[in-house]
Amino acid sequence: NQLMAMPEVELASAMLVTPGQFIYNDLAMYKEGEDMDRATGIRFTYADDNYLQTLKIKLLAGRALTMADTAVQENTAKLVINETALKSLRIPVEEAPGKVLRSQFRDRDFTFTIVGVMQDFNFEKLGSSIDPFAVTIAAPNELAQVVADVESGDYGAFLQKAEALWKSTVPSLPFEFSFLDQDFEKLYLSEQTLSRIISAFTFMAILISCLGLFGLSAFTAEQRTKEIGVRKILGANTGSIVVLLSREFVSLVILSLLIASPLAWWGMKKWLENFAYQVDLGWEVFLMTALVAVGVAFFTVSFQSVKA
């Protein structure tokens with residue numbers, strides 16, 4: 001409440017886990033008239049009544065959670081559930097508010113009432129598909145983190161004020177903060193590192209290939225100097241001689257592309273299967289790669305050919 005009183009803060013919400021962190025709570029739930037054999041595994045988290053508004057998650061039906069929804073009976077709770085969970089439960093969105101879900105776990109019976117439906121959103125990295133997900137209300141002392149929607153021209157000054165507020169409220173705990181977009185970026189560090197490694201090795205491979213081609217073309221030109229002289233005397237122009245000397249090298253590059261492209265397509269296809277959301281591997285990528293490879297080979301060889 002004190003944080004939301006600050007002029008820079010649009011809204012703030014306390015929650016157990018923030019978007020991007022692993023959600024470890026889950027239960028298999030089923031609608032009335034069914035049983036655990038037809039239950040859907042639903043992951044859920046605890047938050048306060050500002051969760052949807054702070055994270056700008058659209059409400060599709062029903063209402064958001066309020067502090068009045070805090071469980072008064074053991075093993076009961078009110079839920080805001082996502083579209084994917086409803087599809088798995090075979091419940092239409094417009095009919096969801098008021099529906100009762102049940103579950104059994106370790107000889108305990110649980111009852112959940114759906115009060116609202118939220119739009120699907122990626123609460124983990126984009127490599128994962130959107131799973132059935134729900135949010136339930138919890139008392140503030142059960143929520144470990146706060147997300148604030150802040151608009152400020154000077155975030156450094158704002159953070160100093162936020163830290164002072166934190167220390168005056170909970171002086172026994174250290175003030176730790178992060179920006180949500182940076183937290184999301186950290187989820188893709190492995191992909192970014194892999195990209196840099198591939199780029200470095202690709203550059204090295206191209207450089208070594210060019211050095212090899214340069215050396216071979218220099219050797220070939222040296223071996224065929226007399227032939228080049230005879231052809232020039234007989235009227236051959238520089239362009240035809242360059243094509244003559246480059247043809248065998250370019251042919252080998254084209255042959256290697258015919259072998260490498262299917263292998264590259266297969267390897268990339270397998271790698272992309274690890275992601276729920278994928279780009280299409282179109283032929284344009286391989287055509288561009290082929291043109292670049294042939295172009296690099298031709299220009300490497302043609303330098304020596306022109307010189308000869």
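Does ILE81 qualify as being open to solvent by less than 40 Å² (accessible area, probe 1.4 Å) and free of Cβ contacts under 8 Å to residues at least 60 places away in the same chain? Criteria met by ILE81. Condition check for ALA61 on (1) part of a loop (DSSP other than H, G, I, E, B); (2) out of contact with any Leu (no Cβ under 9 Å at 6 or more places or on another chain); (3) surrounded by 16 or more Cβ atoms within 10 Å (Cβ to Cβ): one failure, at (1). When GLY116, GLY127 are checked against the criterion of being open to solvent by less than 30 Å² (accessible area, probe 1.4 Å), small (Gly, Ala, Ser), more than 19 Å from MET36 (Cβ to Cβ) and at pLDDT 95 or above, a single residue qualifies: GLY116. The single residue among MET6, MET15, MET36 that is of a type in the set (A, V, I, L, M, F, W, C) and open to solvent by less than 20 Å² (accessible area, probe 1.4 Å) turns out to be MET15.
Looking at ILE254, ILE241, just one residue is part of a helix (DSSP H, G or I) and farther than 16 Å from ARG224 by Cβ, and that residue is ILE254.
Can you tell me which residue in the stretch 64-78 is farthest from SER13 (Cα to Cα), limited to those that are open to solvent by 50 Å² or more (accessible area, probe 1.4 Å) and part of a helix (DSSP H, G or I)? Steps first, answer last, please.
Kept after step one, since they are open to solvent by 50 Å² or more (accessible area, probe 1.4 Å), are these residues of the stretch 64-78: 66-68, 71-74, 78.
Retained after the next criterion (residues that are part of a helix (DSSP H, G or I)): 67-68.
On the way: MET67: 12, ALA68: 16 Å.
Among them, the one singled out is ALA68.
Could you grab the pairs with beta carbons closer than 9 Å, sequence gap of 6+ or different chains, first residue in the stretch 173-184 and closer than 17 Å to ALA12 by Cα, second one open to solvent by less than 60 Å² (accessible area, probe 1.4 Å) and assigned to a loop (DSSP other than H, G, I, E, B)? Short answer, once both residue conditions are applied: SER178/THR18; LEU180/THR18; LEU180/PRO19; LEU180/GLY20; LEU180/LEU55.
The values are calculated or read from the model by the stated rules, or taken from the named source; none is laboratory data. None of these values were measured; they are calculated from a predicted model. We place every Cβ from the backbone using ideal geometry, glycine too, and count neighbours over all the protein chains shown. Just the protein is used for accessible areas: all its heavy atoms, side chains included, with ligands, DNA and RNA removed. Shrake-Rupley method; radii C 1.70, N 1.55, O 1.52, S 1.80 Å.
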